[in-house]
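For reference, the structure discussed in these notes is given below.
The values are calculated or read from the model by the stated rules, or taken from the named source; none is laboratory data. On a predicted model such as this, the values are computed, not experimentally measured, just so you know. For neighbour counting, all protein chains shown are included, and Cβ atoms are generated from backbone atoms with ideal geometry for every residue, glycine included. We work out accessible area using only protein heavy atoms, side chains counted, and drop any ligands, DNA or RNA first. Shrake-Rupley method; radii C 1.70, N 1.55, O 1.52, S 1.80 Å.
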Amino acid sequence: MRPAQARAYALAGTAALAAAGLAACGGGSDSGGDSEATWAISSGWESWNENTADGNNSYLHQVLTPGATLLGDFDQDGQWVFNDALLSKAPELTSESPMTVEYTLNENAQWSDGEDFGADDFTYIWYQMSGDEAKCAQDACVPASTDWGANVASIEETAENVVTMTYVDGYLDPEWEFFGLSMYPAHIAVDNGFADWKTDPAVMGESATWFAQNPPTWSTGPYTPTDAVAGDYVTYEPNDKYQGTVDPGLDKLTLKVVEGTESIVTELRQGSIDGAWPSEFSQEELDKVADDSAITTEVYEGSIWLHIDTNTNNEFLADQALRQAVFTAIDNEDIIAKNYPDTEVAARKNHFFNAASEFFVDSLGATDPLQGSGDADAANAALEAAGYTTGDTLMTPDGDPVTLDFRYGEGDLTRQTTGELVQAYLAEIGIDVSLEAIPDGDLGTVLSEGNFDMIIFGWSGTPAFTTAPQQYFASDSSSNFGSYTLDGLDEAIAKVRSTTDIAESAQFANDVDAMVMPAAFTLPLLDEPQSTLYNNGTLTGIVANGNSQAGPLWNVREWKPA
């Protein structure tokens, strides 16, 4: 979460990639040697366990990627690529009744301490993500999403180097191959006093908390962490137990927090960093390096989309009529024009699919009054019909003045500007809005604790979509930060993963969108443009990737000194 950005699970989200490169400006890294590199991460993080609701953010995911235990990722063309350090071939669907998937492990798959990677590691992440009190005390596990874990029936080693995952009867998923959760080492849990994690849900929960509190010293990736401070940096060196087919090309890699695109560009030009994937797109800052041939800048579409969320626990926003009026008064086209002048950014009109998707349906355009239109007159008319008294101060039917706060990530100009615009829009319908910045690294806590009335942040996803409806809107999802509920909504969400037909699943997802959009829970704003900048005199092998939640770090094992 970016100056404000949450991460939709690797099984969820949307994306389309259209990369275009242009030359830009530079310096040289002072990180200490030709085979060392420093890469900037745009914001901090508090937790080290990215599978929890408060640890599920883009920044932690990025900073853990060089050592992360992932079974695969999407490449720059949106194709799923399995991790050859852990798997010897792509996963196989061996049955649809019940749905059963086989994972054939690389025969040498191992952690950086030499311990085998295997079925227990799959089981550990299942227990944490299960949402089942009999497997993990949920006050400790607090999974970001249970859509996968709650539907697993068993995980077992069925043959040498073969792990078989069997799902509950009736559960189907057209995106079964895209298992992308970050996995944590079961043997490290045992080594740190949690030997009974399989049999005692309290111990399992304690181990999940331990992983949240302690930086990793282990890896199955190309690099292993050697030093780390939460919210600040992680330093990596090559993993000599790495089993992938491409050897890591750097002797040392440091990922450190540099907040704000302006600071990133400054440090890149000074040579104190070698590159970055800024969370905030700023054409003004990119223009500063446009004439420097030492720096490469790539601008492209990605899977990060911004939205404004309401909190239905708020005494005012619990009323759907007020939420609808608020969203009607917000002028999305004006937000885009003010934040992205001279760029081809369009309003987003669906929670699960962008306009480039073959499954896109304009759900926002079907709302009445039209949300995102900036139509204060229509908003006031709807409020009056609902018994509100309009004027300089909007009064509820009970005679109370309506006041709200709006929260945004500190240091992110786009979010801040949007907050200021929302404040002005809502003043036109008599609502006093106070703006409150979220300190760097605190977004996960603010969201998980529901410490907001209205908030802007971005979901970072992938080309997959089937987990998103559950994660965003299921009544029992810990990522349903605004506590959204509708009659029949959970049942509609369940249908998304009731088929192996991708088009049918997409239709079910759009059915969900048709329910939640008029309820005015969250207002989609736009697909945020993405940029990657790096010094081409110090690093090669970097590939901008709008489909991966790791961004350009998705292929970090292929990075080499220039």
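Answer yes or no as to whether R407 is in contact with a helix residue (DSSP H, G or I) (Cβ under 8 Å, 6 or more places away or on another chain), among the basic types (K, R) and open to solvent by less than 50 Å² (accessible area, probe 1.4 Å).
yes
Which ones in segment 305-332 are over 12 Å from M454 (Cα atoms) and in a helix (DSSP H, G or I)?
Passing the criteria: Q320, A321, L322, Q324, A325, T328, A329, N332.
Do we have V258 as modelled with pLDDT of 95 or more and aliphatic (A, V, I, L, M) here?
yes
Would you check which residues across segment 319-366 are touching a Pro at 6+ places or on another chain (Cβ under 9 Å), among the aliphatic types (A, V, I, L, M) and buried (at least 22 other Cβ atoms within 10 Å of the Cβ) and list them?
Matches in segment 319-366: A325, L364.
What number of residues in segment 248-260 are under 12 Å from A276 (Cβ atoms), assigned to a loop (DSSP other than H, G, I, E, B) and of a type in the set (A, V, I, L, M, F, W, C)?
1
Counting residues that are open to solvent by less than 40 Å² (accessible area, probe 1.4 Å) and either in contact with a Leu (Cβ under 9 Å, 6 or more places away or on another chain) or closer than 20 Å to I455 by Cα (or both), which helices (runs of 4 or more DSSP H) fully inside segment 466-521 reach at least 2?
Filter on segment 466-521 gives 468-473, 502-516.
Restricting to segment 121-142, count the residues that are in contact with a Cys (Cβ under 9 Å, 6 or more places away or on another chain) and within 15 Å of N49 (Cα to Cα).
3
From E428, E449, which residue is under 30 Å from L60 (Cα atoms), surrounded by fewer than 23 Cβ atoms within 10 Å (Cβ to Cβ) and out of contact with any strand residue (DSSP E or B) (no Cβ under 9 Å at 6 or more places or on another chain)?
E449
Could you grab me the full set of residues in segment 535-553 that are open to solvent by 10 Å² or more (accessible area, probe 1.4 Å) and in contact with a helix residue (DSSP H, G or I) (Cβ under 7 Å, 6 or more places away or on another chain)?
G541, I542, V543
Take A468 and decide whether it is touching a Phe, Trp or Tyr at 6+ places or on another chain (Cβ under 9 Å), without any contact (Cβ under 8 Å) to a residue 40 or more places away in the chain and of a type outside the set (S, T, Y).
No; evaluated as a whole, the condition is false for this residue.
Considering only segment 279-299, how many residues are touching a Ser or Thr at 6+ places or on another chain (Cβ under 8 Å), farther than 25 Å from G372 by Cα and of a type outside the set (V, I, T)?
4
Just name the residue that is least open to solvent (accessible area, probe 1.4 Å) out of those in segment 187-244 that are assigned to a strand (DSSP E or B), touching a strand residue (DSSP E or B) at 6+ places or on another chain (Cβ under 9 Å) and among the hydrophobic types (A, V, I, L, M, F, W, C).
My answer is V234.
Before we move on, is E102 buried (at least 24 other Cβ atoms within 10 Å of the Cβ) and closer than 26 Å to D173 by Cβ?
no
For D247, indicate whether it is surrounded by fewer than 18 Cβ atoms within 10 Å (Cβ to Cβ) and touching a residue at least 40 places away in the same chain (Cβ under 8 Å).
Judged against the criteria, D247 is a match.
Would you please name the residue that is nearest to the chain's Cα centre (by Cα), looking only at residues in segment 261-280 that are part of a loop (DSSP other than H, G, I, E, B) and buried (at least 22 other Cβ atoms within 10 Å of the Cβ)?
Here the answer is S279.
Please tell me if L525 is closer than 30 Å to L426 by Cβ, modelled with pLDDT of 95 or more and in contact with a strand residue (DSSP E or B) (Cβ under 8 Å, 6 or more places away or on another chain).
It is true that L525 is closer than 30 Å to L426 by Cβ, modelled with pLDDT of 95 or more and in contact with a strand residue (DSSP E or B) (Cβ under 8 Å, 6 or more places away or on another chain).
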